[in-house]
1. With the calculation restricted to Cα positions, what are the radius of gyration and Dmax of segment 37-115 in angstrom?
2. Could you list the trypsin sites (Lys or Arg not before Pro) in segment 57-98 that lie in coil according to DSSP, counting only those with at most 16 other Cβ atoms within 10 Å of their Cβ?
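Since every read-out is calculated from the coordinates, none of them should be taken as a lab result. Not measured: the values here are computed from a predicted model. Note that each Cβ is placed from the backbone with ideal geometry, even for glycine, and that neighbours are counted across all protein chains shown.
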Amino acid sequence: MSRMWDRASAPKPCEKTRDPGGSSGDGATERRRHPRQRILWAGALAADHAEVECVVEDISPGGARLCVEGGPAGPEPLALIVPGIGRFSGTIAWRDAARLGLAFLDRPEIVSRVVGLPS
């Protein structure tokens, strides 16, 4: 598979929209099992021999929020590839026009160790 993004360009987050995966950003109670780390990493979402460029906006041991145009829509297993960090297996937990939530299939302690998050 070939990369479809320019590594020299800095990743940019999507425009602000409601986050269907947890708090609304207005101080509401967080419902996630794992705390999120806000980041901006360029990456790729891969499925069935195809890749689409994405930006990882936040990550936790349990999953990640991605800014992605197009790409897979179903629950099939996907791979999030972040150069210099690693490759993570997951399924789509939610999706809106420009974002999706990827629930990792990898064990949370492994994701924490690879990404450098507290477990």
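1. 11.1, 31
2. Taking segment 57-98 and a limit of 16 other Cβ atoms within 10 Å, no loop trypsin sites (Lys or Arg not before Pro) are found.
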